[in-house]
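The values are calculated or read from the model by the stated rules, or taken from the named source; none is laboratory data. Predicted model, so just to flag it, every value in this text is computed and none were measured. All Cβ positions, even for glycine, are placed from backbone atoms using ideal geometry, and neighbour counts span all protein chains on display. The area values use the complete protein model at the heavy-atom level, side chains included, leaving out ligands, DNA and RNA. Shrake-Rupley method; radii C 1.70, N 1.55, O 1.52, S 1.80 Å.
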Amino acid sequence: MIKGLIGKKVGMTQVHDEQGRVVPVTVLEVGPCVVTQVKTSEHDGYNAVQVGLVEENTPRKLSKAEVGHLGKSQIAPMRHLREFRLNEASDAKVGDQLSATVFEKTDKLTVTGTSRGKGFQGVIRRHGFGGGRMTHGSNFKRAPGSIGQCATPSRVFPGKKMPGQMGNKRVTVRNLEVVEIIEDKNLILVKGAVPGSKGGIVTIRKS
Amino acid sequence: MQNLYELEKSLVDIKKPEFRPGDTVRVHLKIIEGAKERIQVFQGVVIAINLKMNRSTFVVRKISAGGFGVERILPLYSPSIDHVEIVRRGRVRRAKLYYLRDRIGKSARIREKMNV
């Protein structure tokens, strides 16, 4: 069976559980998705299903390669395609419609998205360094401090935590509980936060 | 993308609370202890109501037996609230009565609202 779908993050809210406790939830709009390609081990070397996200507006700017790929299977143009690996060949066919019913309430989900961009950030915000004192003649303030030693090793080690771009990166959150599935609206509520801003494209998989 | 506002509206039965800031209320809370459920009452003055669809809350302040001010922020549409009983209607001139925190004794009184 298909193990995942493409969706959009709608936002966060809260619901009450049976014990009356408040549960923070993220609302995800899943799909509607369409199967755009079925890959089999005989033909492609592995089993997978490629799905596309159906959106309200049909995209105008697609590359010729994308238009050609979708045109081969007679599917309306779509911007977002994702592939989901399968262990064995699936019974899915090109053009199959997929919605929130793919998921069940007992599933644990893995959600992948692009985190909100924070720009070029220093070492305090990006890596949580302590920094120096702000007053009393300090020359240290928010600087990263020493980044290496003198003669040995006389270089900076790769991967040293330094200032740089923060956010706008692919982030995955695993094992999110499904709180509710609203089938008629194609929404699922998962417990906790999900990377990205509202309206951001996320990939939802069963973990 | 779908509207979060529409979903929040549909999550609970949204209706305006009967009580208002300044009112003295008895909040009957359902407390689950192991397998048993009992009702606990929290009585105090409503000092604030925050209306935010299904996330609405209200704040009840009381002076405990030890003389300490105790405030509880309660979700308005929580299933663990059995019911809210209005003991006394208060006449106040603002929506948020945070000034009561700085007052004790006589100056922390609220006039009763007549002919409601």
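Observations on the model:
- Buried accessible area, chains A and B (both chains, 1.4 Å probe, Å² to nearest 100): 1500 Å²
- Rel. contact order, % - alpha carbon contacts under 8 angstrom, at least six apart, chain A: 31 percent
- Sequence-separation-based contact order of segment B:32-116, relative, with Cα cut under 8 Å and 6+ spacing, percent: 22 percent
- Peptide A:8-19 - average C-beta neighbours from other chains (10 Å radius): 4
- Taking the charge dipole of chain A about its Cα centre, with +1 at Lys and Arg Cβ atoms and -1 at Asp and Glu Cβ atoms, the residue from A:6, A:153, A:171 reaching farthest to the positive side is A:153.
- Peptide A:24-30 has a mean of 1 when you count, residue by residue, the C-beta atoms of other protein chains within 10 Å of its C-beta.
- Spatial extent of segment A:29-106: Rg and Dmax, with the Cα atoms as the point set, Å: 13.1, 41
- Solvent exposure of chain A as accessible area per residue, Å², 1.4 Å probe: 60 Å²
- Whole-angstrom gap from segment A:113-127 to segment B:8-73, using each part's C-alpha centre: 39 Å
- About its Cα centre, the dipole of segment A:5-158 is roughly 1300 debye, where the only charges are +1 on Lys and Arg Cβ and -1 on Asp and Glu Cβ.
- Across peptide B:72-84, the mean count of Cβ atoms from other chains lying within 10 Å of each residue's own Cβ comes to 2.
- Radius of gyration and maximum dimension Dmax of the protein assembly as shown, Cα, Å: 27.7, 87
- Residue by residue, segment A:63-74 carries 3J(HN,Hα) couplings of 6, 4, 5, 5, 4, x, 4, 6, x, 4, 9, 6 Hz when phi is fed to the Karplus relation 6.51 cos²θ - 1.76 cosθ + 1.60 (θ = phi - 60°); x denotes Gly or Pro.
- When you filter the chymotrypsin sites (Phe, Trp or Tyr not before Pro) in segment A:83-145 for DSSP loop state and at most 16 other Cβ atoms inside 10 Å of their Cβ, you are left with A:129, A:140.
- Rounded percent of accessible protein surface that carbon and sulfur make up, the protein assembly as shown, 1.4 Å probe: 49 percent
- Distance between modelled label sites at residue A:171 and residue B:85, nm, 7 Å Cα→Cβ extension: 4.8 nm
- Over chain A, DSSP H runs of length four or greater, each weighted -39,500 (n - 2.57), average out per residue to a 222 nm ellipticity of -2000 deg cm²/dmol.
- For segment A:71-207, taking Cα atoms only, Rg and Dmax work out to 22.8, 71 Å respectively.
- Protein-protein interface of segment A:163-207, residues with accessible area decrease of at least 40 Å², isolated chain reference, 1.4 Å probe: A:185
- Tail beyond 28 Å, pair distance distribution of segment A:1-139 (Cα, percent): 42 percent
- Residue pairs, from the table A:3/B:15; A:8/A:160; A:8/A:39; A:118/A:141, whose Cα atoms sit over 29 Å apart: A:3/B:15; A:8/A:160
- Pairwise Cα inverse-distance average, inverted: Kirkwood Rh of segment B:1-110 (Å): 15.3 Å
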